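Read the figures in this text as sums done on the coordinates, not as results from a lab. This structure is a prediction, so every number in the text was calculated from the model and none was measured. No Cβ is skipped: glycine too gets one built from the backbone with ideal geometry, and neighbour counts run over all protein chains shown.
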Amino acid sequence: MLRLIVVSWVLNAVVLAVTTWLLSGVTNDGSGWTLIWAAAVFGVLNTILKPIMRLITLPFAMVTFGLAWFFVSMLMLWLTTLAIDDFNVDGFWNYVWATIIIWAVNAVIDIIEFRAHQAEAR
């Protein structure tokens with residue numbers, strides 16, 4: 001269990017680092033510690049608050065074909081920036097692109113994990 005939490009934390013730090021590297025509007029103080037703490041906050045929010053928010057917004061998500069959940073993901077990123085002073089996202093469109101990048105990098109990580117588990121099963 002602890003190993004899974006640490007791996008998730010490291011992967012969140014990598015995802016936030018990639019997002020910071022790709023978008024000039026997503027910044028931190030240059031310290032790896034800022035990304036590590038941001039990843040911890042982001043992970044906790046995504047584990048605890050995001051499922052609750054998804055449940056609350058389910059009717060709206062059905063009407064918008066899931067678009068409401070994109071905004072829930074943006075909210076998790078915004079809350080992370082509120083909690084970590086040196087991790088910033090400047091402007092609405094940077095939140096949009098950061099959310100898309102985070103989703104895309106997580107999708108790649110999920111594919112790699114899936115293939116690794118398939119290889120182990122053989």
Across the alpha-carbon set of the stretch 1-40, Rg over Rh with Rh taken as the Kirkwood radius works out to 1.03
Sorted by Cβ density within 10 Å, fewest first, the residues SER73, SER31: SER31, SER73
Assigned charges on the beta-carbon of Lys, Arg, Asp, Glu; the chain dipole about Cα centre (debye): 420 debye
Checking a compactness column here: for the stretch 2-121, what do you get for Rg(Cα) / (2.2 N^0.38 Å), N being the number of residues? 1.09
Summed side-chain charge close to THR20 - residues other than THR20 whose Cβ falls under 13 Å, Lys, Arg +1, Asp, Glu -1: -3
Among 79-89, 99-109, 52-62, 11-21, how do they line up from the highest to the lowest mean number of other beta-carbon atoms within 10 Å? 11-21, 79-89, 99-109, 52-62
Expected output is a single nm value to one decimal: the length gained when fully extending between ALA119 and VAL63, i.e. 0.36 nm times separation in residues minus the C-alpha distance. What is it? 16.2 nm
